[in-house]
Amino acid sequence: MIVQSKQMEQRFHHSNVYVIPHEVDLEVFQPFDKNEARRILGLANEKRYILFAANPDIPVKRFPLAEGAFESLRMRNPSVELLVTFKEPQDRLALYMCACDVLVFPSWQEGSPNIVKQAMACNLPIVATDAGDVREVIDNVVGCYICEPTVENFTRRLGEILRSPARTTGRERIRHLAGPLVARRVIDVYESTLRRHANTFGATTQAVR
């Protein structure tokens with residue numbers, strides 16, 4: 001059985017469980033000049049953009065937390081804007097990630113969210129809750145933070161990033177999730193499973209003889 005995170009693995013009580021996160025298209029999600037991305041998307045260079053890349057109507061995504069932190073920041077700095085985007089083509093989503101200053105990810109439950117790994121591939125700073133495998137993905141990457149799910153905590157971390165916007169080194173952290181590498185790991189699991197079953201079948205056949 002293949003699952004996408006260690007949290008998923010813990011739900012199963014047998015040994016043949018393999019953790020293989022979903023791949024990231026590193027050709028689409030890659031660093032790109034921020035000002036050029038903003039020009040293409042019609043965004044202002046002087047703004048500070050927070051990206052919320054999910055459907056705000058889905059309760060588990062906890063949009064009110066992101067909105068509350070944004071409102072708190074905007075009271076101090078009118079140049080801060082919250083961009084909400086979902087159902088975008090992958091290439092356009094990558095542009096938003098390159099154009100924005102930080103991804104806000106306040107979900108209360110996840111498995112192995114691809115949006116976080118895609119942001120990492122674009123070297124976009126991230127402020128997130130400890131949901132699914134997010135901590136494992138972003139841990140110890142400068143500019144990426146795990147927060148307690150309160151407006152105060154999210155406001156503080158987002159504010160730190162927006163005061164001195166800089167890209168991260170997240171892409172290096174998730175290079176092992178490139179499509180061909182993930183595909184090779186999946187193939188290895190199937191091949192080892194087939195070999196194991198073939199050996200078991202062979203041993204059973206000899207015992208019957």
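The values are calculated or read from the model by the stated rules, or taken from the named source; none is laboratory data. The model shown is predicted, which means the values in this text are computed figures rather than measured ones. Don't worry about glycine lacking a Cβ; one is built from the backbone with ideal geometry, like all the others, and counts go over all protein chains shown. The area values use the complete protein model at the heavy-atom level, side chains included, leaving out ligands, DNA and RNA. Shrake-Rupley method; radii C 1.70, N 1.55, O 1.52, S 1.80 Å.
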The range 38-174: antiparallel DSSP beta bridges as a percent of all, rounded to 5: 0
Gap separating the Cα centres of the range 100-124 and the range 143-162, nearest whole Å: 14
Local net charge near Leu158, Cβ-Cβ under 15 Å (Lys/Arg +1, Asp/Glu -1): +1
Tensor-based shape of the range 21-83 (alpha-carbon gyration tensor, a/c under 1.5 rounded, otherwise prolate or oblate): oblate
Extension gain, Glu148 back to Val84 (0.36 nm per residue minus Cα-Cα distance, nm): 20.9 nm
Under 15 Å, Cβ to Cβ, from Glu81 - net charge with Lys/Arg +1 and Asp/Glu -1: +2
Two-site label geometry, Val28 and Asn140: point separation in nm, points 7 Å out along Cα→Cβ: 3.1
Extension gain (nm, one decimal) between Asn35 and Arg92, 0.36 nm per residue minus Cα-Cα: 19.0 nm
Heavy atoms of Lys34: accessible area, 1.4 Å probe, square angstrom to 10: 60
Stretch gain in nm, segment Ser164-Trp108, where the contour uses 0.36 nm per residue and the Cα spacing is subtracted: 17.4 nm
